[in-house]
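Below is one structure; the comments refer to it alone.
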Amino acid sequence: MGKGPGLYSDIGKRARDLLYKDYQSDHKFTVTTYTSNGVAITSTGIKKGELFLADVSTQLKNKNITTDIKVDTNSNLLATVTVDEPAPGLKTIFSFIIPDQRSGKVELQYQHEYAGISTSIGLTANPIVNFSGVVGNNALSLGTDLSFDTASGNLTKLNAGLSYTLSDLIASLTVNDKGDTLNASYYHTVSPLTSTAVGAELSHSFSSNENTLTIGTQHALDPLTLVKARVNNYGRASALIQHEWRPKSLFTISGEVDTRAIEKSAKIGLALALKP
């Protein structure tokens, strides 16, 4: 697919990834292996306090069709079939969860040089219909994201967003929760050679009249080691270091501390992802 405004989910994504991606307070271990016929098998274990969760997923690619099947510790089976570009710019995604009979969903994504559209519908008698659309180009885009419950006849989600992109800066503004929440974010590339970037996100709730400001930065110590840090106006400071000790295998240590209550224990998260 060529350059364009992307999908609605791309609005503000670079800033969100900088501020929130890879930060965690749990212990996570992921191992991926490949069979001789190209099937990828991934085992994941997550320790949340005293609770341990695990799942096993397989991925099979055949030409432009990708099939993902995941089974978790609650005996739920999630299946997703993705058909990439059955027509130029089009992607079709079919997913369902067993034993949840109401979870079936079909999604269509279409990306054009001046538009990006994503629509999905549940495979039930009274489905929830989701639609998001973006118009513009790779510099300026405007979009909306909404959901309609055909059973009740109500709009369950109504969001709108605007994104402005320069060579080294991305700014976005979104209105969420049916107009109750306003989010503004920016992402600025300081040095591409060292992956140095800074970003911020300001969220305002009209119903509670509360503001949340989060600022963060990242910097590559070397081509294989990345450090990130963030802090918000409530005094919560976080940092992480991520090292790619072999190709596609990452080790991440992250921590969070409440600067207004230093006497409390800091939260430490570990993540290890192994790929051959």
Discussion item. When you check Y114 against the structure, is it open to solvent by 70 Å² or more (accessible area, probe 1.4 Å), in contact with a Gly (Cβ under 7 Å, 6 or more places away or on another chain), of a type outside the set (D, E, K, R) and free of Cβ contacts under 8 Å to residues at least 40 places away in the same chain, yes or no?
Written reply: no
Discussion item. List the residue pairs whose Cβ atoms are under 6 Å apart, where the first residue sits in segment 145-159 and is basic (K, R), the second is assigned to a strand (DSSP E or B) and surrounded by fewer than 17 Cβ atoms within 10 Å (Cβ to Cβ), and the two are 6 or more positions apart or on different chains.
Written reply: K157/S147
Response to the item:
Residue hits (segment 179-200; farther than 22 Å from L224 by Cβ and either at pLDDT below 95 or among the small types (G, A, S) (or both)) are G179, A184, S185, G199, A200
Item to complete: For segment 50-65, indicate whether the set of residues that are surrounded by 16 or more Cβ atoms within 10 Å (Cβ to Cβ) and either assigned to a loop (DSSP other than H, G, I, E, B) or among the β-branched types (V, I, T) (or both) is non-empty.
Response: no
Worksheet item: Does L162 fit the bill of being crowded, with 17+ Cβ neighbours inside 10 Å and either at pLDDT 95 or above or not β-branched (V, I, T) (or both)?
Response: yes
Item to complete: With respect to K70, determine if the residue is crowded, with 17+ Cβ neighbours inside 10 Å, under 20 Å from the mean Cα position of the chain (by Cα) and modelled with pLDDT of 90 or more.
Response: yes
Practice prompt. Output the number of residues of segment 1-47 satisfying the condition of being open to solvent by 40 Å² or more (accessible area, probe 1.4 Å), in contact with a Lys or Arg (Cβ under 8 Å, 6 or more places away or on another chain), within 24 Å of P247 (Cα to Cα) and among the small types (G, A, S).
Written response: 1
Worksheet item: Among the residues of segment 191-224, how many are open to solvent by 50 Å² or more (accessible area, probe 1.4 Å), of a type in the set (A, V, I, L, M), farther than 19 Å from L173 by Cα and assigned to a strand (DSSP E or B)?
Response: 1
Worksheet item: Quick check: is even one residue across segment 225-246 among the basic types (K, R) and in a loop (DSSP other than H, G, I, E, B)?
Response: no
Discussion item. For segment 70-92, which positions are of a type in the set (V, I, T) and in a strand (DSSP E or B)?
Written reply: V71, T80, V81, T82, V83, T92
Discussion item. I'd like to verify a number: residues in segment 1-24 that are part of a loop (DSSP other than H, G, I, E, B) and over 19 Å from I215 (Cα atoms), how many?
Written reply: 7
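The values are calculated or read from the model by the stated rules, or taken from the named source; none is laboratory data. Everything numeric in this text was worked out from a predicted model, so none of it was measured. Cβ atoms come from the backbone with ideal geometry, glycine included; neighbour counts cover every protein chain shown. Each accessible area value is taken on the protein alone, full model and side chains, heavy atoms only, with ligands, DNA and RNA left out. Shrake-Rupley method; radii C 1.70, N 1.55, O 1.52, S 1.80 Å.
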